[in-house]
Amino acid sequence: MSSMPSQDRKRKISWIDFIVVAVVIGFFVFIAQRISSVLIYKWDWSMVAPYIFYFDDDTGEWVANLLVQGLATTVRLALYGIVISALIGVIMGFCRTVNNLFLRMVARVYVEFIRNMPPIVFIFVFYFFISSQIMPLLGVDDFARNASPATLELIRFFAGDPLLFSNFISGLICLAMFEGAYITEIVRAGIQSIPRGQWEAATSVGLSRFHVLRYVILPQAVQRIVPPLANQFINLIKDSSIVSLISIQELTFMAVEVGVSTTRVFEVWIITAVFYFVICYGCAYTFTRMERRMGRSRR
Amino acid sequence: MNESVTAPVIELSGVSKFFDQFQALREVDMDVRLGEKVVVCGPSGSGKSTMIRCINRLESHDQGRIVVDGIELTHDMGNILAVRREVGMVFQQFNLFPHLTVLENCTLAPMRARKLSREEANRVAMEYLERVQIPDQANKYPAQLSGGQQQRVAIARSLCMKPRIMLFDEPTSALDPEMIKEVLDVMVELAKEGMTMVVVTHEMGFAKTVADKMVFMDHGEIVEVAPPQTFFNDPQSDRTKQFLSQILSH
Amino acid sequence: MADAGTSTALAQRGRNAKKPPLLLLWERSQRSPWVASVQFAAFAALLLWLAMLGAEQMGYLWQWYNIPQHFFREVDGEWIMGPLVKGLLVTLQIAAWCIILTLAAGLVTALLRMSDSLTGSALATGYLELVRNTPLLVQLYLFYFVISPILGVDRFWTGIICLTFYEATFVAEIIRAGIISVDRGQWEAADAGGLTRRDAYRYVILPQAVPLMLPPLTGQIINLIKHSAIVSVIAVTDLTTEGRNLIADTFMSFEVWFTVAGVYLVMTVSLSFFVTWLEHKIKVRT
């Protein structure tokens, strides 16, 4: 048997297991003891449950409450965010690889600027800028205020509460700008991972640079871009929690609200973490399965 | 003077090329006339690949000038594209496009750069695939072919652009021994049809049958240029003699 | 020998002849790094000007001259630290503690993950998945509202524990990747030479794996500094918190945020230069 650690090696019970189990049990006993005797915390899940769904006596229907509404906003942010940031990423990633030094500098500065700054500092700075300058410039507020009832319904479906439309859009732009930098690097790596020989062969048959990219490089790069892009989608869901700090009413924001109003913070935060975990783990699991299936069909 | 009859289609004069401090080409002068077959040989690192890659500007030269088919290679992208459409290139590593079928590999450039219709491009491609004797593999992907077959597809792909000149950069070096012949056969055929060819290779048998002119390079210089008979039987330079004794003794 | 620039006669035969000289000049300028730099400077200036214009329309009053005193101030001939420097020191303090704790926790996690032990690897995997699939901010709230009252620690240490909990997963993966990336043949040679597992690690594997780990570990320190800004959410008085307080006091939003961002940039960018240098050095050596 080799000493090399590997995924498929048979695992067995050893002295390490006893230590691990003892430590874990000890930890939980300690925690339980602290909760019941020192903090004297009274668990009450029934107080928090209505904030997920509650039964409306008037209409006789189950209605989604704050936490689920927040979750819906998180999902919207993630879906729109990945589209916009992928767009930014493809354009900037392409700029990272061109001959034109000016475009390369613009893309490089964008990427380095965002990747070297704490996300929350970026969000604060950029949100202040966007909400105070870009939004009025685009007239988003007026648009949402003067929209016809039909448009309002559309906004409600796609972006949640129309009163918070401008706020939602600002948060979305912040998030997309932020993730765009990471996707830029994914796209750049994808393009640059194509062997030099492919460029050389394609240019030597007389294709222009645009045609080389369009017909030879990008089709191959896409296969290498999609898996990390899927992973970035999960990161985007996680990073979207940060926009709660600029009052975008997504899951984390709602959790803070519910925590304050019910004072059942243990339950609220455990539920919130479970929500995120289920979504992110679910996505990760699905993407891995899909990748494996696509990998198989390509052989 | 037969120069007026067959003016050079490739003309290198005083071409130098640097990779940082390293000088890969030292004032190389070379002419290739229409229909001529030139075989370039030399030890590895002698600059023969660099020279051939300068001819269709996969590398840019730093000094001197290169004129191909009456077009001087400068930074002008239009000139470069024009030259590349006249010059076909076959690589050591085939460099087929893995995401396209054999047929699509051959039709891509004619359709995009020559603006042929799909039918026309397909017709031309099939014609050349037959010439390299693999028309039945047209709808397979490169990964499904053997190395020899891939290299023949690469040759067909270049020919589909109807180039006036073909460059071969060690076309058989990456092949298993049993596949070398099928590729060389195709190249001999091509030579017989009168294609202008510049071939970097160590296949001396091929050189003897096909070459009009042998070029020996070492340390970025052209050491010796001679017809094959003289080159193999009566080499002038000591470096050539040494090289030939090493390569022919096996 | 003529060089490429002077060979006008031959160039006449090419396509250049058809091009007007202005176009040629333009094309040549496209390749110059100076032209690109000037273009970029102009572009940056344009963005800056637009931002200034916007700020002006809001009636924003720039007070850059007020910023330096928040770094250092002279009182009675003595220099005292302003809030920004105090905040920076707290950030560095958090980072220093986290680096030590993260290395330890990451190493233990990596070893557990690669061990033969069933529960050990299950625990490590569970921990990694848990951290990977929840946002850092939610973890911070969990630690602040749930874990810290249970353990009875203050917010400063809550921040450190939470960041360690988060960053250690990355460090564990770096260590594991470093060990696994050592060529299979090295393991086999060590086994064939009759080395025990521990000796194989000590004399063969780690000497090769550690240099591979250093650049990504330094990169992780950059991330740590970036991520540490999040502890401002639970009001640990780090650089970001001090910045937010300063804005609340002085309303100099733009100046303070730009300054804070600048300080972070200086720290992270200089570290990333260090990473590049380290990578280069290691590549040269091997």
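Residues in the range C:122-138 that are open to solvent by less than 10 Å² (accessible area, probe 1.4 Å) and in a helix (DSSP H, G or I): C:Ala124, C:Leu128, C:Val131, C:Leu137, C:Val138.
The selection criterion, being among the hydroxyl-bearing types (Ser, Thr, Tyr) and within 30 Å of B:Arg26 (Cα to Cα), does not hold for B:Ser146. Looking only at the range A:80-110, how many residues end up being of a type in the set (Val, Ile, Thr), out of contact with any Gly (no Cβ under 9 Å at 6 or more places or on another chain) and in contact (Cβ under 8 Å) with a residue 40 or more places away in the chain? Qualifying residue count, the range A:80-110: 3.
Checking each residue in the range A:195-229 for being open to solvent by 10 Å² or more (accessible area, probe 1.4 Å) and hydroxyl-bearing (Ser, Thr, Tyr) picks out A:Thr203, A:Ser208, A:Tyr215. Right, C:Thr286: crowded, with 21+ Cβ neighbours inside 10 Å and either more than 10 Å from chain A (Cβ to nearest Cβ) or modelled with pLDDT of 90 or more (or both) or not? Taking the combined requirement at face value, the residue does not satisfy it.
For the range C:96-116, a tally of residues being small (Gly, Ala, Ser), assigned to a helix (DSSP H, G or I), open to solvent by 10 Å² or more (accessible area, probe 1.4 Å) and within 14 Å of chain A (Cβ to nearest Cβ) returns 1.
Being more than 23 Å from the chain's Cα centre (by Cα), open to solvent by less than 60 Å² (accessible area, probe 1.4 Å) and facing another protein chain (nearest Cβ under 10 Å) holds for only one residue in C:Val182, C:Val153, and it is C:Val182.
Each row is one residue, and each column tells you yes or no for (1) at pLDDT below 90; (2) under 29 Å from B:Arg157 (Cα atoms); (3) surrounded by fewer than 14 Cβ atoms within 10 Å (Cβ to Cβ); (4) among the charged types (D, E, K, R).
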position: B:Leu175; (1), (2), (3), (4): no, yes, no, no
position: B:Lys192; (1), (2), (3), (4): no, yes, yes, yes
position: B:Met195; (1), (2), (3), (4): no, yes, no, no
position: B:Val199; (1), (2), (3), (4): no, yes, no, no
position: B:Ala207; (1), (2), (3), (4): no, yes, no, no
position: B:His219; (1), (2), (3), (4): no, no, no, no
position: B:Val225; (1), (2), (3), (4): no, no, no, no
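Only residues that are aromatic (Phe, Trp, Tyr), open to solvent by 30 Å² or more (accessible area, probe 1.4 Å) and touching a residue at least 12 places away in the same chain (Cβ under 8 Å) were counted across the range A:269-290, and they come to 2. Screening A:Asn235 against (1) in a helix (DSSP H, G or I); (2) under 26 Å from B:Pro110 (Cα atoms) leaves a single unmet condition, (2).
Among the conditions (1) out of contact with any Gly (no Cβ under 8 Å at 6 or more places or on another chain); (2) within 14 Å of another protein chain (Cβ to nearest Cβ); (3) assigned to a helix (DSSP H, G or I), the only one that B:Pro171 does not satisfy is (3). What about B:Val200, is it more than 27 Å from B:Arg114 (Cα to Cα) and in contact with a Phe, Trp or Tyr (Cβ under 7 Å, 6 or more places away or on another chain)? Yes, satisfied. Scanning the range B:238-250 for residues that are modelled with pLDDT of 90 or more and among the hydroxyl-bearing types (Ser, Thr, Tyr) returns a single hit, B:Thr240. Among the residues of the range C:232-286, which ones are over 19 Å from C:Pro211 (Cβ atoms) and hydroxyl-bearing (Ser, Thr, Tyr)? Residues satisfying the conditions are C:Ser232, C:Thr237, C:Thr240, C:Thr241, C:Thr250, C:Ser253, C:Thr259, C:Tyr264, C:Thr268, C:Ser270.
Among residues that are in a loop (DSSP other than H, G, I, E, B) and open to solvent by less than 80 Å² (accessible area, probe 1.4 Å), C:Gly54 is not included. Restricted to helices (runs of 4 or more DSSP H) entirely inside the range B:8-125, those with at least 1 residues that are buried (at least 24 other Cβ atoms within 10 Å of the Cβ) and either over 17 Å from the mean Cα position of the chain (by Cα) or away from every other protein chain (no Cβ under 11 Å) (or both) are B:48-55, B:102-113. Is the range A:95-112 home to any residue that is in a helix (DSSP H, G or I), open to solvent by less than 10 Å² (accessible area, probe 1.4 Å) and in contact with a Leu (Cβ under 9 Å, 6 or more places away or on another chain)? Among the residues of the range A:95-112, not one is in a helix (DSSP H, G or I), open to solvent by less than 10 Å² (accessible area, probe 1.4 Å) and in contact with a Leu (Cβ under 9 Å, 6 or more places away or on another chain), which makes the answer no. Within the range B:86-117, the residues that satisfy the criterion of being within 25 Å of B:Leu25 (Cα to Cα) and either at pLDDT below 90 or not polar (S, T, N, Q) (or both) are B:Glu86, B:Val87, B:Gly88, B:Met89, B:Val90, B:Phe91, B:Phe94. Of everything in the range A:101-135 that is among the polar types (S, T, N, Q) and at the interface with chain C (Cβ under 7 Å from one of its Cβ atoms), the residue that is nearest to C:Ile247 (Cα to Cα) is A:Ser132. Cβ separations smaller than 8 Å between residues 6+ apart or across chains give the following pairs from the range A:30-46 residues that are within 11 Å of chain C (Cβ to nearest Cβ) to residues that are open to solvent by 50 Å² or more (accessible area, probe 1.4 Å) and outside any loop (DSSP other than H, G, I, E, B): A:Arg34/C:Leu151. C:Asp191 satisfies every condition listed in (1) without any contact (Cβ under 8 Å) to a residue 40 or more places away in the chain; (2) within 9 Å of chain A (Cβ to nearest Cβ); (3) open to solvent by 20 Å² or more (accessible area, probe 1.4 Å); (4) within 26 Å of C:Cys98 (Cα to Cα) except (4).
Entry remark, the range C:243-270: residues being under 15 Å from the mean Cα position of the chain (by Cα), open to solvent by 20 Å² or more (accessible area, probe 1.4 Å) and within 9 Å of chain A (Cβ to nearest Cβ) number 3 in total.
To keep it simple, each residue is scored yes or no on (1) over 21 Å from A:Gln223 (Cβ atoms); (2) in contact (Cβ under 8 Å) with a residue 24 or more places away in the chain; (3) of a type in the set (D, E, K, R); (4) part of a helix (DSSP H, G or I).
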| site | (1), (2), (3), (4) |
| --- | --- |
| A:Phe165 | yes, yes, no, yes |
| A:Gly171 | yes, yes, no, yes |
| A:Leu175 | yes, yes, no, yes |
| A:Arg188 | no, yes, yes, yes |
| A:Ile194 | no, yes, no, no |
| A:Glu200 | no, no, yes, yes |
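Only residues that are under 25 Å from C:Leu112 (Cβ atoms) and acidic (Asp, Glu): list them for the range C:125-170, please. Answer for the range C:125-170, where residues must be under 25 Å from C:Leu112 (Cβ atoms) and acidic (Asp, Glu): C:Glu129, C:Glu167.
The values are calculated or read from the model by the stated rules, or taken from the named source; none is laboratory data. Just so we're clear, the structure is a prediction, and the values are computed from it rather than from any experiment. Using ideal geometry, Cβ is built from the backbone for each residue, glycine included, and neighbour counts are taken over all protein chains shown. For accessibility, only protein heavy atoms count, side chains too; no ligands or nucleic acids. Shrake-Rupley method; radii C 1.70, N 1.55, O 1.52, S 1.80 Å.
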